[in-house]
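What follows is a set of notes on a single structure, which appears directly below.
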Amino acid sequence: MSGKLDGRTALVTGAAQGIGKAIAGRLAADGATVAVCDVNGEGAAATAAEIGGSAFALTADISDPEAVAAALAEIERRAGGVDIVVNNASIVPFIAWDEVDLAHWRKLIDVNLTGTFIVCRAATDQMRARGKPGRIVNIASNTFFAGTPNMAAYVAAKGGVIGLTRALATELGAHGITVNAVTPGLIESDGVKASPHNNAFEFVEMLQAIKGKGQPEHIADVVAFLASDDARWMTGQTVNVDAGMVRW
Ligand code: NAD
Ligand code: 4PL
């Protein structure tokens, strides 16, 4: 079988469950060798086993530079190096402003923004050392446009991810590395199903141009496009995928 991503190796962070798991499955279906990475190592192993083929699991906390360096080294050892990186891992909180203290703020910025930086740093260093082109897709959120409540630090971190996407795109274009972001709307992921966000579907659907509940596959299909050669003339862009909930 020939796929759009044959011969490529993709790293997907936060791929034990939810949107990351769907992205990992979709990139593998397109022919990529997928490194399924998560801080939840058992979950990553389960996802890799479910995908089968050449997929393999890695355990790493994206906010830990040593763990990320080890993960990238393992990808180089097993598959020659990374071609596609999907920065999907995040903490998705539901926390009223009155509960947002400095410890929560620091944790959210550390994982959701600094973790994305750490993976971008290590992965682009490896891509450039190999002299190969690459693709980075950062998963942000439409909460950055909507100013969604109960997620202040999260929204701020996602704005940072969009800023990093734009700046990296400029600096890495000459190296053949594209950097784009996807902003999902509310998606019925494992994390959302187990949280108070699960009660927001009715309200969010009211705002959507297309009715229905967002699914991880809705995001995975757009990520697969951005990871492919079809998106070769796009970089620094933020693609909103939310059934038309917000326009910007
Ligand atoms: P989820 O909570 O279901 O899954 C997140 C995964 O990331 C988990 O497997 C978790 O173990 C992993 N993870 C968390 N911290 C990590 C760390 N430090 N290092 C490595 N892995 C870590 O989340 P989801 O709903 O599938 O969200 C995936 C992405 O999509 C996130 O970036 C999220 O912000 C974004 N997003 C989600 C929605 C939504 O409604 N579900 C909407 C917009 C954006
Ligand atoms: C619209 O990124 O985009 C809830 C939870 N609602 O995490 C999100 C919307 C959530 C979102 C998000």
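The values are calculated or read from the model by the stated rules, or taken from the named source; none is laboratory data. Treat the numbers as computed from the prediction; the structure is a model and nothing was measured. Counting neighbours? That spans all protein chains shown, and the Cβs are built from the backbone with ideal geometry, glycine included. Protein only, heavy atoms only, side chains kept; ligands, DNA and RNA dropped before computing areas. Shrake-Rupley method; radii C 1.70, N 1.55, O 1.52, S 1.80 Å.
Some values worked out for this structure:
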quantity: Strands (runs of 3 or more DSSP E) within region 8-97 that include 1 or more residues among the charged types (D, E, K, R); calculated: 33-38
quantity: Residue under evaluation Met234, criteria (1) over 13 Å from Val137 (Cα atoms); (2) part of a loop (DSSP other than H, G, I, E, B); (3) in contact with a Leu (Cβ under 8 Å, 6 or more places away or on another chain), criterion not met; calculated: (1)
quantity: Pair list, Cβ < 6 Å and 6+ apart or interchain, from region 131-146 residues that are within 29 Å of Leu207 (Cβ to Cβ) and within 13 Å of ligand 2 (Cβ to nearest atom) to residues that are in a strand (DSSP E or B) and open to solvent by 10 Å² or more (accessible area, probe 1.4 Å); calculated: Asn142/Asn240
quantity: Count of region 212-237 residues which are within 23 Å of Arg8 (Cβ to Cβ) and either within 16 Å of ligand 2 (Cβ to nearest atom) or open to solvent by 30 Å² or more (accessible area, probe 1.4 Å) (or both); calculated: 16
quantity: Answer from Gly41, Gly20, Gly7 - the residue that is surrounded by fewer than 24 Cβ atoms within 10 Å (Cβ to Cβ), under 21 Å from Gly191 (Cβ atoms) and not β-branched (Val, Ile, Thr); calculated: Gly41
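Residue by residue, here is whether (1) touching a Ser or Thr at 6+ places or on another chain (Cβ under 6 Å); (2) within 9 Å of ligand 1 (Cβ to nearest atom); (3) open to solvent by less than 50 Å² (accessible area, probe 1.4 Å) holds:
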{"position": "Arg135", "(1), (2), (3)": "yes, no, yes"}
{"position": "Ile139", "(1), (2), (3)": "no, yes, yes"}
{"position": "Ala156", "(1), (2), (3)": "no, no, yes"}
{"position": "Thr170", "(1), (2), (3)": "no, no, no"}
{"position": "Val179", "(1), (2), (3)": "yes, no, yes"}
{"position": "Gly185", "(1), (2), (3)": "no, yes, yes"}
{"position": "Asp190", "(1), (2), (3)": "no, yes, no"}
{"position": "Phe201", "(1), (2), (3)": "no, no, yes"}
